[in-house]
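Scroll down for the structure; my scribbles are underneath it.
The values are calculated or read from the model by the stated rules, or taken from the named source; none is laboratory data. This one's a predicted model, so the numbers in the text were calculated from it and none came from an experiment. No Cβ is skipped: glycine too gets one built from the backbone with ideal geometry, and neighbour counts run over all protein chains shown.
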């Protein structure tokens, strides 16, 4: 069995079912709904930043439920490397399949189309446990590499007066 | 004609930039005026009807994209380029940068237009082609610098737009407004003082409606002192409409004072903390100001209050504010008298609690004005007539010995500068001849000591000297560059000192022509009546 599929389910006293990988829970085992709400509060502001939203990590999917509920017209790409979790969530949410596109490949070329759309990437770290390296690789690929604005601007030649160079320099001023 | 103004500062500044839009309308009748603003302050759009189109920069969002790494930085680049392309498609005839920031200078670089005026990037630094006013604006408004000119005067002059300070008076007597808080603790007079003022105003003017202004964020704090029915908590547009009908606004140094001035509501502003009336007094003839009388006033904008208690606020008693407010409310007849006072101040505003105009500061302002406006190659400056105007405005406050003392100080200072010029030439020779290190150090110390002495000596001219002095504290890799900078700075200081000395000389001879300030003042008064 592939590493990402070693998933077991636990029913909490609240009746909610939460997944774990190698004994490590992929969302809060105390109050996953509250945790999802906190995640939502933290990421809400970014949801209006772009047309394409990518959620990295599904876990039990409570955060995705909230996201879809709050932004009722939003379409989301969800990157989840464990197909078992995708199946479980899709079974519970049959009506949401038109609004959610799951990507579960670890082959970076599969993400090329998404990358071109310059998506907003919302990380859900608990669900990435055990596969952090793979998620990080995809994350950096989608961002266009591990580059900060400082590095981009520093790499520009002093004589470079192209539109791109001038634009990067202007943007760098915003984060001084 | 299509004109674009970059107005990328904070709310109060954008409100002030309405004056710029009005001046542009006067100068270019029929022109389309568009603004670029930070989208956080989009509420001002409704306050400035002179602007046809608004381009909004989502600065905060771009900052988040670039810092928080939730989205590719390419997104911010894509959006900025799209915005620049949209602006380019408008084919502006003139783009004015009313923002003295590096970002706005970079934006100027990106935008294409037939003509661009204002801060742009020159060799990696924010600069301007040749306009000294622009340079002065950049140096004195970017940080905690002091200024001898009002922000709007500087802005108009640096952007080459003609202006007059308007005289707006509404004739309505609907309400008196007290704006009791500012965004900066140091600029607050204190809710308890406003509470006392409120009570005393109500007792003195029982027929008038007095209301306490606040923003929604301040309301809870204000409710501790004032009842719900006296509190007026509205959005900016409603406030603007209310101020059109208001009789008087008593406030600190806030954007609301500018909003009031723009609609002709009379203002009494309390300038405390880092608030500097010379820089940001309401842009309306006859604006009334009470400024703090504490020795530390005005302090640096970014520093917290250094005193144990708020000396600024304590230095303006409630009775004094009440007296000033009463004069405004009661004394429409005295308007002429007030105008005379304004003239004595030679500014568009009047600081009520300033007893005497400061001679040196006034001469300094005039000297700087000539210096900054001087075109290259122009040798004649109409100093004599300006000195005469100044003399008339100064009124009877000075006697001949004041002018003589100031003249001698100015003369001594100019000689000091010339001596310094000689020392720097020697220092340059040391470098050129590759003198031993010790000889160079000795010369360098002499220059530093001289600069320090001059800085202490000159008072009003100390800004430019302090900059030179600072240059000498650096350990330069290339002494040629440093010395070149020093010489250039010194040449500017000398030009200024020369103008200053000439003004004092004119003042002195004018004073000798009369017997004292009072006589000259009276003669001028008689003369103006005769004409």
> Right, residue B:327: part of a helix (DSSP H, G or I), in contact with a strand residue (DSSP E or B) (Cβ under 9 Å, 6 or more places away or on another chain) and surrounded by fewer than 18 Cβ atoms within 10 Å (Cβ to Cβ) or not?
Replying inline: yes
> Can you name every residue in region B:224-255 that is part of a helix (DSSP H, G or I) and surrounded by fewer than 24 Cβ atoms within 10 Å (Cβ to Cβ)?
Replying inline: B:228, B:229, B:230, B:236, B:237, B:238, B:239, B:240, B:241, B:242, B:244, B:255
> Since residue B:67 meets every condition but one in (1) surrounded by 15 or more Cβ atoms within 10 Å (Cβ to Cβ); (2) within 13 Å of chain A (Cβ to nearest Cβ), which condition does it not meet?
Replying inline: (1)
> Taking region B:176-191, which residues are modelled with pLDDT of 95 or more and in a helix (DSSP H, G or I)?
Replying inline: B:191
>> Checking the structure you have, find out if any residue of region B:47-58 is within 30 Å of residue B:140 (Cα to Cα) and in a helix (DSSP H, G or I).
In response: yes
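Results for (1) touching a helix residue (DSSP H, G or I) at 6+ places or on another chain (Cβ under 9 Å); (2) more than 14 Å from chain A (Cβ to nearest Cβ), shown as yes or no for each residue.
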{"site": "B:109", "(1), (2)": "yes, no"}
{"site": "B:133", "(1), (2)": "yes, yes"}
{"site": "B:156", "(1), (2)": "yes, yes"}
{"site": "B:171", "(1), (2)": "no, yes"}
{"site": "B:214", "(1), (2)": "yes, yes"}
> Can you pull out the residues in region B:204-214 that are within 21 Å of residue B:255 (Cβ to Cβ) and either in contact with a strand residue (DSSP E or B) (Cβ under 6 Å, 6 or more places away or on another chain) or modelled with pLDDT under 90 (or both)?
Replying inline: B:211, B:212, B:213
> In this structure, does residue B:125 turn out to be free of Cβ contacts under 8 Å to residues at least 60 places away in the same chain and in contact with a strand residue (DSSP E or B) (Cβ under 9 Å, 6 or more places away or on another chain)?
Replying inline: no
> Which of the residues that make up region B:104-127 are assigned to a loop (DSSP other than H, G, I, E, B) and either crowded, with 21+ Cβ neighbours inside 10 Å or at pLDDT 90 or above (or both)?
Replying inline: B:111, B:112, B:113, B:114, B:119
> Under the condition of being over 10 Å from residue A:124 (Cα atoms) and buried (at least 21 other Cβ atoms within 10 Å of the Cβ), which residue from region A:62-75 is farthest from the other protein chains (Cβ to nearest Cβ)?
Replying inline: A:62
> With A:165, A:170 as the choices, which residue is more than 8 Å from chain B (Cβ to nearest Cβ), over 26 Å from the mean Cα position of the chain (by Cα) and modelled with pLDDT of 90 or more?
Replying inline: A:165
> Among (1) exposed (fewer than 13 other Cβ atoms within 10 Å of the Cβ); (2) under 18 Å from residue A:135 (Cβ atoms); (3) within 14 Å of chain B (Cβ to nearest Cβ), which single condition is residue A:48 missing?
Replying inline: (2)
>> Any residue that is at pLDDT 85 or above, touching a strand residue (DSSP E or B) at 6+ places or on another chain (Cβ under 7 Å), under 24 Å from residue B:21 (Cβ atoms) and not in a helix (DSSP H, G or I) - is there at least one of those in region B:142-151?
In response: no
> Which one of these does residue A:160 not meet: (1) under 30 Å from residue A:86 (Cα atoms); (2) more than 8 Å from chain B (Cβ to nearest Cβ)?
Replying inline: (1)
> What is the residue count in region B:79-101 for residues that are at pLDDT 90 or above and either closer than 26 Å to residue A:147 by Cβ or facing another protein chain (nearest Cβ under 10 Å) (or both)?
Replying inline: 7
> Mind checking which residues of region A:115-128 are within 11 Å of another protein chain (Cβ to nearest Cβ) and touching a strand residue (DSSP E or B) at 6+ places or on another chain (Cβ under 8 Å)?
Replying inline: A:118, A:119, A:120, A:121, A:122, A:123
>> Please go through region B:12-40 and give me each residue that is in a helix (DSSP H, G or I) and buried (at least 19 other Cβ atoms within 10 Å of the Cβ), ordered by number.
In response: B:12, B:13, B:14, B:15, B:16, B:17, B:18, B:19, B:20, B:21, B:23, B:24
>> Criterion first (in contact (Cβ under 8 Å) with a residue 12 or more places away in the chain, farther than 13 Å from residue A:57 by Cα and in contact with a strand residue (DSSP E or B) (Cβ under 7 Å, 6 or more places away or on another chain)) does residue A:111 satisfy it?
In response: yes
> Residues in region A:12-39 that are more than 14 Å from chain B (Cβ to nearest Cβ) and in contact (Cβ under 8 Å) with a residue 24 or more places away in the chain: how many?
Replying inline: 16
>> Let me spell it out: the conditions are (1) assigned to a loop (DSSP other than H, G, I, E, B); (2) at pLDDT 90 or above; (3) in contact with a strand residue (DSSP E or B) (Cβ under 8 Å, 6 or more places away or on another chain), and residue B:264 meets all of them except one. Which number is the exception?
In response: (3)
> Restricting to helices (runs of 4 or more DSSP H) lying wholly in region A:107-156: which have 2 or more residues that are surrounded by 13 or more Cβ atoms within 10 Å (Cβ to Cβ) and out of contact with any helix residue (DSSP H, G or I) (no Cβ under 6 Å at 6 or more places or on another chain)?
Replying inline: A:132-143
>> I'm trying to understand the selection: among the residues of region A:129-157, which are more than 11 Å from chain B (Cβ to nearest Cβ) and in contact with a strand residue (DSSP E or B) (Cβ under 7 Å, 6 or more places away or on another chain)?
In response: A:129, A:130, A:135, A:138
